[in-house]
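Student: Below are the structure tokens for one structure; questions will follow.
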Amino acid sequence: MEPKDRIILAIDEPLASIAHWIIKEFIGKVGGFKLGSIAISHGYAFELIEAIKKQKKIVFWDPKFHDTPDTMLKSVRGISLQGVDWISVHASAGLEGIKSAVSARIRSLIFGATVLSSFNTSGCFDIWGGLPEDKVLQFADFLLEGSAQGIITSPRELKLLSSTAKYYGLIKAAVGIRPLWAPPDDQRRYMTPTEAIKAGADYLVIGRAITHPPREPYEVCTPESALEAVIKEITRAQV
């Protein structure tokens, strides 16, 4: 896999015109695109599926489904019929919810979201009563038992997953990716692209650092130059 193909570019834009520009500009330069809750709720996500698929890029449908098993089954079946490649559920929906999602997937791969990368330790404790690393491993076990294909996690937990044999088969998509030159924004548990690849990420889900890079430093102040800088980091990390 080429370094650029490990990048899943997040489209989290309220304006459809900007989303279409991102697709047009980057369709041949990354491995795929994430269509999350912003793209879905603003009503343009469905119209992007075919444009992405025509170029044989990954369509990552990322609503993080979290509901009753029957609702998850019907939700996954509906979007899987659209031909998307990856679909996210939230692993905290539990084993039965994950199994229902997997049973409905047709050809789509099911990825389980774990502890959001915007949570710090206290935030994780407030909701789940445990440390992020402990909860991620618990959710990873749910995903394995439910026969999901992938896991979405902050890069901070990647070493735990990558060093444990039973998790080798899970495709690892890392979120919370921030190059040194990009602000963390609302991310609490993040790493650079270099660190994430070395920790065991198969794919990096990156949005704002590329689509809305900082104005400084000058050499990475455009989306195109930001993407080039990230690709260089991945290339070095793979050596």
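The values are calculated or read from the model by the stated rules, or taken from the named source; none is laboratory data. Computed from a predicted model, the values in this text were never measured in an experiment. Note that each Cβ is placed from the backbone with ideal geometry, even for glycine, and that neighbours are counted across all protein chains shown. Just the protein is used for accessible areas: all its heavy atoms, side chains included, with ligands, DNA and RNA removed. Shrake-Rupley method; radii C 1.70, N 1.55, O 1.52, S 1.80 Å.
Student: Can you list the lysines whose alpha carbon sits under 27 Å from that of LYS99, skipping same-chain ones fewer than 8 residues off?
Tutor: Partners found: LYS34, LYS53, LYS57, LYS64, LYS74, LYS135, LYS159, LYS166, LYS172.
Student: LYS56 to GLN82: extension gain in nm, 0.36 nm per residue of separation minus the Cα-Cα distance?
Tutor: Result: 7.9 nm gained on full extension.
Student: To continue, here is another question. Per residue of the chain, what 222 nm ellipticity follows from adding -39500 (n - 2.57) for every DSSP H run with n ≥ 4, rounded to the nearest 500? Write out the running numbers ahead of the final one.
Tutor: Numbers: 11 runs with 101 residues, N = 239.
Taken over the chain, the calculation gives -12000 deg cm²/dmol.
Student: What part of the accessible area of the chain, given as a whole %, is carbon or sulfur when the probe is 1.4 angstrom? Write out the running numbers ahead of the final one.
Tutor: Details: 5770 of 10790 Å².
C and S atoms contribute 54 percent here.
Student: Treat every Asp and Glu Cβ in the stretch 30-139 as -1 and every Lys and Arg Cβ as +1, leave all other atoms uncharged, and give the resulting dipole magnitude about the Cα centre to the nearest 20 debye.
Tutor: Here the size comes out at about 540 debye.
Student: Dipole of the chain, Cα-centred, from +1 at each Lys and Arg C-beta and -1 at each Asp and Glu C-beta, to the nearest 20 debye?
Tutor: Numbers: 28 positive and 27 negative charges, 106 e Å.
The dipole of the chain has a size of about 500 debye.
Student: When the chain is fully extended, how far beyond the present Cα-Cα distance does SER122 get from LEU95, taking 0.36 nm per residue of separation?
Tutor: 7.2 nm
Student: Highest mean first, what order results for 192-200, 129-137 on Cβ atoms within 10 Å?
Tutor: 192-200, 129-137
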